[in-house]
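What follows is a set of notes on a single structure, which appears directly below.
What follows is calculated from the coordinates using simple rules that are stated; it is not laboratory data. Please read these numbers as outputs of a predicted model, since none were measured by experiment. Don't worry about glycine lacking a Cβ; one is built from the backbone with ideal geometry, like all the others, and counts go over all protein chains shown.
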Amino acid sequence: MKLFRRAVFALLIGGLGLAVAEPPARPEGWYAEVETSLGSFTIRLLSEQAPQTVAHFVAFAKGEMEFVDPFTGNKKKAPFYDGIAIHKTKFAQWFEAGDPTGTGHGMPLVWVPAELGPVNFSRPYRVGMTASSMKRISGVMFFATIVAEPYFNAGHNCFGEIVEGRDVVDQICNVKIGGNGRPLQPVVIKH
């Protein structure tokens, strides 16, 4: 997963003096590029709205946060999301990732406070942290929507919006799934 600040690009074609139009400028802020086995998408991180949630997501993505490996029981620091499968989808609505065991129950027990703000799930292409049945908000396991999901507004931190690669997120949310919501063919977060 690449994390980067907004950049402005210009391209001049060698010696010809021809200029290619710059892509539309992104708003100031932080972005995360997520590379999956089906393609890449970019999230604009809402650090002004959910600072602790974004800080946890970034620290895990970059390998700066120590966690207990659910397979070995050992503590480690590594890019957490690299190689993790998307473990659940609700057909044509959302997908969920962030559990190395692929069950939805093997994530590190890291929680963040509620950080609810004006950007929420009343619009499509939002990214949020899951919440436990005890209303605790994960600092690790996240989901991305492709439709408005306003019932998430009361209990899930919205910490990002998908600004590029929405077709990839659509594709992930439309993979064939089993009865448990798990994709029949694994979809993996590469980086």
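Gaussian network model of the chain, Cα springs within a sub-10 Å range: biggest mean-square fluctuation belongs to which of Thr42, Thr103, Thr130?
Result: Thr103 has the largest fluctuation of those listed.
So what is the 222 nm mean residue ellipticity for the chain from helices alone, if each DSSP H run of at least 4 adds -39500 (n - 2.57) and you divide by all residues, rounding to the nearest 500 deg cm²/dmol?
Result for the chain, helices only: -3000 deg cm²/dmol.
Going down the list Lys77/Lys176; Lys90/Lys190; Lys135/Lys190; Lys62/Lys190; Lys75/Lys190, which pairs span over 25 Å between their C-alpha atoms?
Over 25 Å apart, Cα to Cα: Lys77/Lys176; Lys135/Lys190.
If I take all pairs of Cα atoms in the range 152-191, what percentage of them are more than 14 Å from each other?
64 percent
Rounded if a/c is under 1.5, else prolate if a/b is larger than b/c, else oblate: which is the range 85-148, with a ≥ b ≥ c the root eigenvalues of its Cα gyration tensor?
oblate
Using the eigenvalues of the Cα gyration tensor, what equivalent ellipsoid semi-axes result for the range 106-191 when each is taken as the square root of five times the eigenvalue, whole Å, largest first?
The equivalent ellipsoid of the range 106-191 has semi-axes of 22, 17, 12 Å.
Hey, if you put +1 on the Cβ of every Lys and Arg and -1 on every Asp and Glu Cβ in the range 65-185, which of Met107, Ile84, Gly117 ends up farthest toward the positive end of that dipole?
Met107
Based on the mean of other Cβ atoms within 10 Å per residue, sort peptides 173-183, 79-89 so the most packed one is first.
79-89, 173-183
Once the Cα atoms of the range 44-171 are picked out, what are the Rg and Dmax in Å?
13.9, 41
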